[in-house]
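Okay, so here's the structure we're looking at.
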Amino acid sequence: MIKILCDSITDLPIEIIKKHNIDIVPLTVIFNEKEYLDRVDITTNEFYKMLRENDTMPKTSQATYAQFVKFFEKYKDDEILYLAGSSAASGTYQSAVLAKGDVDANITIFDTFNLSIGAGPLVIKACEMVEKGLSVDEIVKNLENLKNDIEVIFSVDALEYLKKGGRISSTKAALGSLLNIKPILKIEDGLVKQKTQVRGSKKIIPTLIEKLKEEIGDDFSDKDIYVGYGDDLETNEKFVEKVKEELSPKNVYTFRIGSCVACHSGPTVIGIACLNK
């Protein structure tokens, strides 16, 4: 049997996790020098509550060699396929590589070279291929052909969190807030990069949708779209409505963006992803 593992750099809809029995290796969230295993010691809801209530930004720490040994040993009777969050953004992938060498099991490690809602679609595709009876080698070959074709675009409404996390200077944050500037970000080469910016919160959702259309085209009738959000449920609902109205995709999956991204972006993050194949 093939067992799919991922880590908490990847964000997935809860129904997908349950349906495919995906196990998730947690990174560590650090709030005021106290450590929590992501989604184990602290839920996503608790994380966002703490994020709102703390003056300092939390940090994340990679999943460790010891954690991976434990997970790999747990499933050593299965054929393990672990899909890692971007190796460019975290040392978690390398921890898994080291652990693989010390566990007597059939383990394959695949670097999604993506984050959050960008890594999620690859995990979903892998699960679908398992259901179709493909071998691990066939699944990895297909994933290699897919991983460079995921478009991920997102934004944050509140620059104060980028300032707290040291992602932008106090001067830039103050000027951005004064001018009501919102960054439009993209995942490229396994890392988050700013692509453009807009003025005003109302322009964020239309711009995210327009940028996705620029990358993929106008026909989404055979495509799945993944919408991620922080703790702003109202904005997420509006976003999903606009996506359905303007893109008419085959399916829309919506889910919370986890701590590994929100630790840097803050709770107002929203994003959209689509596999361009």
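The values are calculated or read from the model by the stated rules, or taken from the named source; none is laboratory data. Note that the structure is a prediction, hence the values are computed from the model and not measured. Backbone-built Cβ (ideal geometry, glycine too); neighbour counts: all protein chains shown. In case anyone asks, the SASA skips ligands and DNA or RNA and just uses the protein heavy atoms, side chains included. Shrake-Rupley method; radii C 1.70, N 1.55, O 1.52, S 1.80 Å.
Points to keep in mind about this one:
- Residue in the stretch 210-218 that is open to solvent by less than 50 Å² (accessible area, probe 1.4 Å), within 21 Å of the chain's Cα centre (by Cα), under 20 Å from Val156 (Cβ atoms) and touching a residue at least 12 places away in the same chain (Cβ under 8 Å) present: yes
- Applying the criterion of being at pLDDT below 90 and of a type in the set (Lys, Arg) to the residues of the stretch 153-207, the residue that is least open to solvent (accessible area, probe 1.4 Å) is Lys182.
- Among the residues of the stretch 14-35, those that are under 19 Å from Ile117 (Cβ atoms) and among the basic types (Lys, Arg) comprise Lys18, Lys19.
- Test: Asn142 is out of contact with any Ser or Thr (no Cβ under 9 Å at 6 or more places or on another chain), within 26 Å of Val227 (Cβ to Cβ), outside any loop (DSSP other than H, G, I, E, B) and at pLDDT 95 or above: yes
- Index of the failed condition, Pro267 passing every other in (1) open to solvent by 60 Å² or more (accessible area, probe 1.4 Å); (2) under 25 Å from Thr28 (Cβ atoms): (1)
- Residues that are at pLDDT 90 or above and polar (S, T, N, Q) within the stretch 33-59 comprise Thr43, Thr44, Asn45, listed in sequence order.
- Within the stretch 104-133, the residues that satisfy the criterion of being open to solvent by 10 Å² or more (accessible area, probe 1.4 Å) and assigned to a loop (DSSP other than H, G, I, E, B) are Asp104, Ala105, Phe113, Leu115, Lys132, Gly133.
- Any pair with Cβ under 7 angstrom, 6 or more apart, that starts in the stretch 228-253 at a residue that is free of Cβ contacts under 8 Å to residues at least 12 places away in the same chain and ends at one that is outside any helix (DSSP H, G or I) and surrounded by 14 or more Cβ atoms within 10 Å (Cβ to Cβ): Lys244/Val252
- Failed criterion for Lys223 (all others in (1) at pLDDT 95 or above; (2) open to solvent by less than 50 Å² (accessible area, probe 1.4 Å); (3) more than 26 Å from Lys18 (Cβ to Cβ); (4) charged (D, E, K, R) hold): (3)
- Residue that is surrounded by the fewest Cβ atoms within 10 Å (Cβ to Cβ) [pool: residues in the stretch 9-18 that are over 16 Å from Ser95 (Cβ atoms) and touching a residue at least 60 places away in the same chain (Cβ under 8 Å)]: Ile14
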